Structure formats: C-alpha cells, structure tokens
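Okay, structure first, notes after.
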Amino acid sequence: MVGTPDEAIARIEQLKEESGGFGCYLMMAHNWANWADTQRSYEMIARYVVPHFQQLNVNRKASMDWVRDNKTEFTSQTRAAVGARIVSHMMEKGTENISPQIVALIAGAAAAEPTKKD
C-alpha cells in the first residue's frame, strides 16, 4: 500500500468492508525505500493508522474538531482580552512603552465601537 495515512485508513476500511472484516492486517517489508523513509512510514502507520482502528484517536479527534469549530469565537475572545489588557495598561501607565501602531489600532477600534445608550 502506498500513500498517506488517510489513504491507508480508507483502503483498509475498504478491504474490511469487502471481506466482512478481519482480525489483523499484515504488512510485508519490500525494501524499495531507504531505511529512513521506511522508518518514517512505519512511524506514520503506528501514529495515525493503527490508532484509527483501535479507536485510540476518537477523543483527540473530537477535541481537535471542537477547537476548529470554535476557533472564531476563541480568536475574538483572545483579541478582546489582549486589547482590554493593553487599554488597561495604557490607562495605568501611559503609552510611552506601547508602539504607535498599537495605540493607533486601539484608538481606531474605540472610535469604531457603537456608543452605548443608557
């Protein structure tokens, strides 16, 4: 089998479907690649392919999917928190040690915010 870990998973899944399932999958060493590339191939199989079939990456994948799905919210919250801390620092200590670009960005963001009506 030649390809990426995802391609190996897909092919083994296909073989499993076509055969009705099997207990193990044997690999044959062919010695076509140099030893470093062969080791890398074995490592990718051990790291990505085998855990897929042993259900070892289910929680990790769910976590990665959740983080990816919530990235926009995390990013906006992080930016807001960093911006608030910079503003707090500027209010307490002034702007001497803040780059002019950051001061301009914060001033622009503050001007763009809608005013609250009480």
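Couple of notes before you dig in:
- Within segment 3-29, the set of residues being touching a helix residue (DSSP H, G or I) at 6+ places or on another chain (Cβ under 9 Å) and more than 22 Å from residue 61 (Cβ to Cβ) comprises 22, 27, 29.
- Of all residues making up segment 56-66, the number that are modelled with pLDDT of 90 or more and of a type in the set (S, T, N, Q): 2
- Look at segment 35-47: where a residue is touching a residue at least 24 places away in the same chain (Cβ under 8 Å) and a partner is assigned to a helix (DSSP H, G or I), sitting 6+ places away or on another chain with Cβ atoms under 9 Å, you get 44/5; 44/8; 45/5; 45/8; 47/5.
- Scope segment 1-43; condition assigned to a loop (DSSP other than H, G, I, E, B) and under 24 Å from residue 55 (Cβ atoms); matching residues: 1, 3, 4, 20, 21, 22, 23, 24, 25, 26, 27
- Lone qualifier among 82, 103, 50 - being of a type in the set (A, V, I, L, M, F, W, C) and loosely packed, with under 12 Cβ neighbours inside 10 Å: 82
The values are calculated or read from the model by the stated rules, or taken from the named source; none is laboratory data. Predicted, not measured: the structure shown is a model, and the values here were computed from it. FYI the Cβ positions are ideal-geometry reconstructions off the backbone, even for glycines, and counts take in every protein chain you see.
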